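Accompanying notes for the structure given below.
The values are calculated or read from the model by the stated rules, or taken from the named source; none is laboratory data. Source: prediction; values computed, not measured. Positions of Cβ are backbone-derived with ideal geometry, glycine not excepted, and every protein chain shown enters the neighbour counts.
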Amino acid sequence: MRDATRIIRSTLSPARPGEPMHHGPVFAAPFHSPGDPGEARYSYGRSHNPTWTALEAAIAEMEGTDEFEAQVLVFASGMAAVAAVFGTVLAPGDVAVLPSNAYFAARKLMEQYFVPMGIELRLAQTANDAQAALLNGAKLLWIETPSNPTMEVCDIAALCEQAHAAGALVAVDNTTATPLGQSPLALGADFSMASDTKLMTGHSDLLAGHVAVRTDAVDASGASLYDKLFQYRTLAGAALGPMEAWLALRSIATLPLRLERSCANAMAIAAFLKTRPEVIEVLYPGLEDDPGYTVAARQMRVFGPVVSFVLADREAAERFLAAADLITEATSFGGVATTAERRARWGGDAVAEGLIRLSAGCEAIEDLLEDLAQALDGLQ
């Protein structure tokens, strides 16, 4: 079965006469559970919810393959999912290897909370698989490819092989690509994580995240990775609201269409920006002259909706954004509407003052290119 068909069908409810075609949100804190609570599938809303179950099953269809099945846990946000992986894998004295250009909040979580608890943090850039040199004695390798916001690429399969040989587990932040665009578990990763706030749900109206593992995945002690994540979510209370879970499930059905359109738009925008003298650099792994293209073409089905590009300075970037009519200035990415921001305005990322991170939406590409042209013309 093709991806689009499988994903759309996975969001439907079981075909029972008289029942609705789609799952609805189940609002409950306690559930009826007389007697032994272990005999009730649902008992308390911090541990489980039927709407979560439906959403997790749909995402598991994307994360797994014909060769293996995946299990998924959903979380209240992408950062809650990040924290769950850190929290279930790491203990004082352990070593974590992260990209120096990983998502800012993930780095800060590690630096400000886990390092003071006794975790040793090692940092190296994403490009050229530089993290491989830091794996000796590591417990966790965290990969983000393409990286956000500089769009660097690393070889997931090669790094997984090296990390496992060193005794480390591997987690991949797959937010930019989504499991439909790139399959970390199939490439050897132990955890596939994504902020579903972004391209997975695509309407910029909810916060959510997930972590996927193979059904038989265990740590060095033989403990189930899924069970450890489940316990962490329950104890930490990182619970996704049932309304957000239902909105996410509804939105995932359109992911194949949104992904195809936004990635095609991103490719066209990246190619257009390469022709403009006002643009100093274009960062997009789908361009054949991009340093990450060869690896990205091997491990990604599509190259994602995010294009970063560099203008002369802060003033040029801000003038461009002010002049663009069809680009909404906002943080985050992956929505149906095209957005962009001057990324250095937040601090924390080692990027040029004129770097703009653009997320291609699903508008007509002709309109987007015309708008980009007129905004860049104003910089001359």
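Yes or no, residue by residue, for (1) closer than 15 Å to F333 by Cα; (2) in contact (Cβ under 8 Å) with a residue 60 or more places away in the chain; (3) surrounded by fewer than 24 Cβ atoms within 10 Å (Cβ to Cβ); (4) assigned by TED's automatic domain parsing to the domain that holds L73:
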{"position": "V153", "(1), (2), (3), (4)": "no, yes, no, yes"}
{"position": "E161", "(1), (2), (3), (4)": "no, no, yes, yes"}
{"position": "T175", "(1), (2), (3), (4)": "yes, yes, no, yes"}
{"position": "P179", "(1), (2), (3), (4)": "no, yes, no, yes"}
{"position": "A189", "(1), (2), (3), (4)": "no, no, no, yes"}
{"position": "A194", "(1), (2), (3), (4)": "yes, yes, no, yes"}
{"position": "G209", "(1), (2), (3), (4)": "yes, yes, no, yes"}
{"position": "A236", "(1), (2), (3), (4)": "no, yes, yes, yes"}
{"position": "S262", "(1), (2), (3), (4)": "yes, yes, no, no"}
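Taking the condition part of a loop (DSSP other than H, G, I, E, B), touching a residue at least 12 places away in the same chain (Cβ under 8 Å) and in contact with a Phe, Trp or Tyr (Cβ under 9 Å, 6 or more places away or on another chain), does G335 pass? Step through it out loud before you land on a result.
Values: part of a loop (DSSP other than H, G, I, E, B): yes; touching a residue at least 12 places away in the same chain (Cβ under 8 Å): yes; in contact with a Phe, Trp or Tyr (Cβ under 9 Å, 6 or more places away or on another chain): no.
Spelling it out, it is not the case that G335 is part of a loop (DSSP other than H, G, I, E, B), touching a residue at least 12 places away in the same chain (Cβ under 8 Å) and in contact with a Phe, Trp or Tyr (Cβ under 9 Å, 6 or more places away or on another chain).
Looking at (1) at pLDDT below 90; (2) under 30 Å from E144 (Cβ atoms); (3) exposed (fewer than 12 other Cβ atoms within 10 Å of the Cβ), which one does R6 not meet, given that it meets all the others?
It is condition (3) that R6 fails.
Here are the criteria: (1) surrounded by fewer than 24 Cβ atoms within 10 Å (Cβ to Cβ); (2) out of contact with any Lys or Arg (no Cβ under 7 Å at 6 or more places or on another chain). Tell me which single one V213 does not satisfy.
(1)
Any chance you could count how many residues in the stretch 13-43 are touching a Phe, Trp or Tyr at 6+ places or on another chain (Cβ under 7 Å) and not in a loop (DSSP other than H, G, I, E, B)?
Residues flagged as touching a Phe, Trp or Tyr at 6+ places or on another chain (Cβ under 7 Å) and not in a loop (DSSP other than H, G, I, E, B) within the stretch 13-43 amount to 1.
Kindly check whether there is at least one residue in the stretch 272-286 that is assigned to a helix (DSSP H, G or I) and in contact with a His (Cβ under 8 Å, 6 or more places away or on another chain).
Here is the first cut: in the stretch 272-286, the ones assigned to a helix (DSSP H, G or I) are 272-274.
Restricting the remaining residues to those that are in contact with a His (Cβ under 8 Å, 6 or more places away or on another chain) gives none.
No, the stretch 272-286 contains no residue that is assigned to a helix (DSSP H, G or I) and in contact with a His (Cβ under 8 Å, 6 or more places away or on another chain).
Taking the residues in the stretch 9-61 that are hydrophobic (A, V, I, L, M, F, W, C) and out of contact with any strand residue (DSSP E or B) (no Cβ under 8 Å at 6 or more places or on another chain) as candidates, determine which candidate is surrounded by the fewest Cβ atoms within 10 Å (Cβ to Cβ).
Residues of the stretch 9-61 hydrophobic (A, V, I, L, M, F, W, C): 12, 15, 21, 26-29, 31, 40, 52, 54-55, 57-60.
Filter once more, keeping what is out of contact with any strand residue (DSSP E or B) (no Cβ under 8 Å at 6 or more places or on another chain): 15, 26-28, 40, 54, 58.
On the way: A15: 7, V26: 17, F27: 12, A28: 14, A40: 14, A54: 22, A58: 23.
Checking each candidate, the answer is A15.
Run down T328, T338 and say which single residue is among the hydroxyl-bearing types (S, T, Y) and farther than 15 Å from Y284 by Cβ.
Numbers: T338 fails: farther than 15 Å from Y284 by Cβ.
Result of the check over T328, T338: T328.
Take A102 and decide whether it is touching a strand residue (DSSP E or B) at 6+ places or on another chain (Cβ under 6 Å), touching a residue at least 12 places away in the same chain (Cβ under 8 Å), in the same structural domain as V218 (by TED's automatic domain parsing) and within 26 Å of S332 (Cβ to Cβ). Give the steps one after another, and end with the answer.
Details: touching a strand residue (DSSP E or B) at 6+ places or on another chain (Cβ under 6 Å): yes; touching a residue at least 12 places away in the same chain (Cβ under 8 Å): yes; in the same structural domain as V218 (by TED's automatic domain parsing): yes; within 26 Å of S332 (Cβ to Cβ): yes.
Against the criterion (touching a strand residue (DSSP E or B) at 6+ places or on another chain (Cβ under 6 Å), touching a residue at least 12 places away in the same chain (Cβ under 8 Å), in the same structural domain as V218 (by TED's automatic domain parsing) and within 26 Å of S332 (Cβ to Cβ)), A102 qualifies.
Applying the selection to the stretch 338-349, what residues are assigned to a loop (DSSP other than H, G, I, E, B) and at pLDDT below 95? First the steps, then the outcome.
From the stretch 338-349, those assigned to a loop (DSSP other than H, G, I, E, B) are 338, 347-349; that's our starting set.
G347, G348, D349 - these are the residues of the stretch 338-349 that are assigned to a loop (DSSP other than H, G, I, E, B) and at pLDDT below 95.
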